[in-house]
Amino acid sequence: MANPFCQTYDDGFVLWGTWRTLWRTSIMRLDKNGDSLWTKSYFIEGFYSDAGCVQETHDRGFIIGGQLWPVDSNSFLTPRFLHLIRTDSLGETLWTRRFLPPFARGAYAYDVKQTADRGIVVTGDLDYFYVYLTKTDSLGNVEVGLEESPLAAAGRPLRANPNPSQGLTRISYHVPIPGRVLVQVFDVSGRAVATLVDGPVSAGRHEASWNARTLASGVYLIKVTRPDGVATEKLLLAR
C-alpha cells in the first residue's frame, strides 16, 4: 500500500508504504520522470513494520517513520513501537530505533523532520488518543520526549510545559513528603543557569515558572531534589 509521496532535492520522488503480504516497510526512489531508481524493503527480525512518513535528510539520505510490533502476535493488545529507520542516499540502513513510553501500549509516527543540528523531530500518536512529540540527536537517541497524556502527567514527579519551549516554561513537580526542595536548571555543560526553588515545601504538587528568554536555544536539564530523592527532565529551548 502506497502513501503520499515526498519530493527530493533533484525534483525526483520517494514513495513509501507497506508490503502487506509480509508487513514490511518499503520505499521506492524515482527520478523526475517517474522512472524507478531503486526500491528497498526493510526487514527487522522478529517484528512486523508499517511505514507512516518519509523525509529526505541534509545528506540526501532518508528518515522513515512508522510502527513496529512483534510477529508472534497481531493483537491490538500487543505493544506497538514508534519506529525510525535512517538510510543513506541509496536506501541502505544506517540505523534503526524504536520508542514506546512506559504508560502507553502503542505509538505511531506520522511526520518526521530533520532539524538544523541534524537531529530529528517526530510527531505521532499514542494509543490513538494522545499527541506524541520527541526530539532525537543525529543518531536517533532521544533528547526530549513529550507525551500529552493526562494520566501520565498526573503520575510523573516532574513535568515541564510547554516542551519544547520558546522561553517561558511552567515546571510542575510533586513532593511526597514535606521538606527542603531544590529546583534548578542546568545547561549541557552542567552549569546551573537558574535556581527556582530552594527551601521548605509542603507535600503535594507545586509549580514554578522559568523565564529563559535571555538564554541560547538548546537542551537544558531540570533537576528537582526532594527529601525522598531526585527527579530530572530534559527541556528543549527552541526559538
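The values are calculated or read from the model by the stated rules, or taken from the named source; none is laboratory data. In this text the structure is predicted, and so the values were computed from the model without any measurement. Positions of Cβ are backbone-derived with ideal geometry, glycine not excepted, and every protein chain shown enters the neighbour counts.
General remarks:
- Options ARG159, ARG205, ARG213; residue that is closer than 24 Å to ASP137 by Cα, in a strand (DSSP E or B) and basic (Lys, Arg): ARG159
- Qualifying residue in segment 45-53 (condition: in a loop (DSSP other than H, G, I, E, B) and either surrounded by 11 or more Cβ atoms within 10 Å (Cβ to Cβ) or over 25 Å from the mean Cα position of the chain (by Cα) (or both)): no
- Number of the condition not met by PRO227 [criteria: (1) over 26 Å from ASP117 (Cα atoms); (2) modelled with pLDDT of 85 or more]: (2)
- Pairs meeting the criteria (first residue in segment 212-239 and among the basic types (Lys, Arg), second residue in a strand (DSSP E or B), beta carbons under 6 Å, at least 6 apart or on different chains) are LYS223/GLN184; LYS223/THR232; ARG226/VAL175; ARG226/VAL181; LYS234/VAL144; LYS234/VAL219; LYS234/LEU221.
- Members of segment 157-192 found to be buried (at least 17 other Cβ atoms within 10 Å of the Cβ) and in contact (Cβ under 8 Å) with a residue 60 or more places away in the chain, listed by number: PRO157, LEU158, ARG159, ALA160, ASN163, PRO164, SER165, THR169
- Neighbours by Cβ (under 9 Å, 6+ apart or cross-chain): first from segment 16-35, within 12 Å of PHE5 (Cα to Cα); second of a type in the set (A, V, I, L, M, F, W, C) and in a loop (DSSP other than H, G, I, E, B): TRP16/PHE5; GLY17/MET1; ARG29/LEU90; LEU30/PHE5
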